[in-house]
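Encoded as structure tokens, the structure appears first; notes follow it.
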Amino acid sequence: MHSPFVFSLIKNVFREQNLYYIYNNVEKVRNLLLNDLTEIAIKDYGTGAAKKRKIADIAKKSLKTEKYSQLLFRLINFLKPKTILELGTSLGITTMYLAAADSKSRCITIEGCPQTLEVANRLFKENNYTNIESHCGNIDVLLLELLRNIETLDFVFFYSNPKKAPTLNYF
């Protein structure tokens, strides 16, 4: 590696083996979600589906894995962004990893399903995340409105509708 930036990125992000304290904290929350049999009504703007699902089932199918969530934390910790935007909060595990690297950062997250976001907001409050701003609504509508009030974005994480056309539209 000749580039100091690339060398540092590989060493301090991709190959980093330290167990940060936040890993254990967030993974305890993940385990609670994976065992939560509470049913909530969900609305998915991406698919248009509306139905009841157990929080445990949502967690099993929609949360980023521990490995990739922790990679995102290390990337945020390395890059030190001041303003982070996440499209697709889900139950908030990834959001917590994004916000945990710097409590002075501004972590803005958008979720389409009010009930799912309600669970995430409760977890943010219970775990003292004060730098997360959550917004509920259709990303296609809400994103432009939010961007008008954000001077710069330092890091954006697309976690919502994985289809090509919406992703390109968000970008």
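Cβ-Cβ distance below 9 Å, separation of 6 or more or different chains: which pairs start in region 132-154 with a residue that is of a type outside the set (A, V, I, L, M) and end on one that is surrounded by fewer than 11 Cβ atoms within 10 Å (Cβ to Cβ)?
Taking only residues 6 or more apart or on different chains, the pairs are 135/145; 137/145.
For region 45-53, check the following and say yes or no: at least one residue is under 23 Å from residue 169 (Cβ atoms), exposed (fewer than 12 other Cβ atoms within 10 Å of the Cβ) and in contact with a Lys or Arg (Cβ under 7 Å, 6 or more places away or on another chain).
Of region 45-53, the ones under 23 Å from residue 169 (Cβ atoms) are 45-50.
Still in the running and exposed (fewer than 12 other Cβ atoms within 10 Å of the Cβ): 47-50.
Narrowing further to those that are in contact with a Lys or Arg (Cβ under 7 Å, 6 or more places away or on another chain): 50.
Yes: region 45-53 contains one or more residues that are under 23 Å from residue 169 (Cβ atoms), exposed (fewer than 12 other Cβ atoms within 10 Å of the Cβ) and in contact with a Lys or Arg (Cβ under 7 Å, 6 or more places away or on another chain).
Taking region 29-52 as the search range and keeping residues that are of a type in the set (Val, Ile, Thr) and outside any helix (DSSP H, G or I), which one is modelled with the lowest pLDDT? Let's see the steps before the verdict.
From region 29-52, those of a type in the set (Val, Ile, Thr) are 29, 38, 40, 42, 47; that's our starting set.
Cutting the leftovers down to outside any helix (DSSP H, G or I) gives us 38, 40, 42, 47.
Working: 38: 96, 40: 95, 42: 88, 47: 64.
Out of the qualifying residues, it is 47.
Is it the case that residue 90 is within 14 Å of the chain's Cα centre (by Cα) and farther than 15 Å from residue 155 by Cα? Step through it out loud before you land on a result.
Values: within 14 Å of the chain's Cα centre (by Cα): yes; farther than 15 Å from residue 155 by Cα: yes.
Taking the combined requirement at face value, the residue satisfies it.
Looking at region 104-112, is at least one residue assigned to a helix (DSSP H, G or I) and not aliphatic (A, V, I, L, M)? Don't jump to the end; show me each part of the working.
Initially, region 104-112 is screened for residues assigned to a helix (DSSP H, G or I), giving none.
Checking region 104-112: not a single residue is assigned to a helix (DSSP H, G or I) and not aliphatic (A, V, I, L, M).
Pairs under 9 Å by beta carbon, first residue among the aromatic types (Phe, Trp, Tyr) in region 16-29, partner in a loop (DSSP other than H, G, I, E, B), six or more apart or different chains?
Pairs found: 20/101.
Between 13, 26, which is touching a helix residue (DSSP H, G or I) at 6+ places or on another chain (Cβ under 6 Å), assigned to a helix (DSSP H, G or I) and at pLDDT 95 or above? Let's see the steps before the verdict.
Numbers: 13 fails: at pLDDT 95 or above.
After ruling out the rest, the residue left standing is 26.
For the structure I just gave you, tell me whether residue 117 is assigned to a helix (DSSP H, G or I), modelled with pLDDT of 95 or more, under 16 Å from residue 23 (Cβ atoms) and not basic (Lys, Arg). Reasoning before the result, please.
Details: assigned to a helix (DSSP H, G or I): yes; modelled with pLDDT of 95 or more: yes; under 16 Å from residue 23 (Cβ atoms): no; not basic (Lys, Arg): yes.
No, not satisfied.
Specify which of the listed residues (150, 108) is under 25 Å from residue 20 (Cα atoms), touching a strand residue (DSSP E or B) at 6+ places or on another chain (Cβ under 8 Å) and among the β-branched types (Val, Ile, Thr). Lay out the reasoning, then the answer.
Details: 150 fails: under 25 Å from residue 20 (Cα atoms).
One residue alone meets the criteria, 108.
Failed condition for residue 84, given (1) within 26 Å of residue 164 (Cα to Cα); (2) in contact with a helix residue (DSSP H, G or I) (Cβ under 9 Å, 6 or more places away or on another chain); (3) in a helix (DSSP H, G or I), with all others met?
For residue 84, the exception is condition (3).
The values are calculated or read from the model by the stated rules, or taken from the named source; none is laboratory data. What you see is a predicted model, and the numbers here were worked out from it, not measured in a lab. Reconstructed Cβ throughout: ideal geometry from the backbone, glycine too, with neighbour counts over all protein chains shown.
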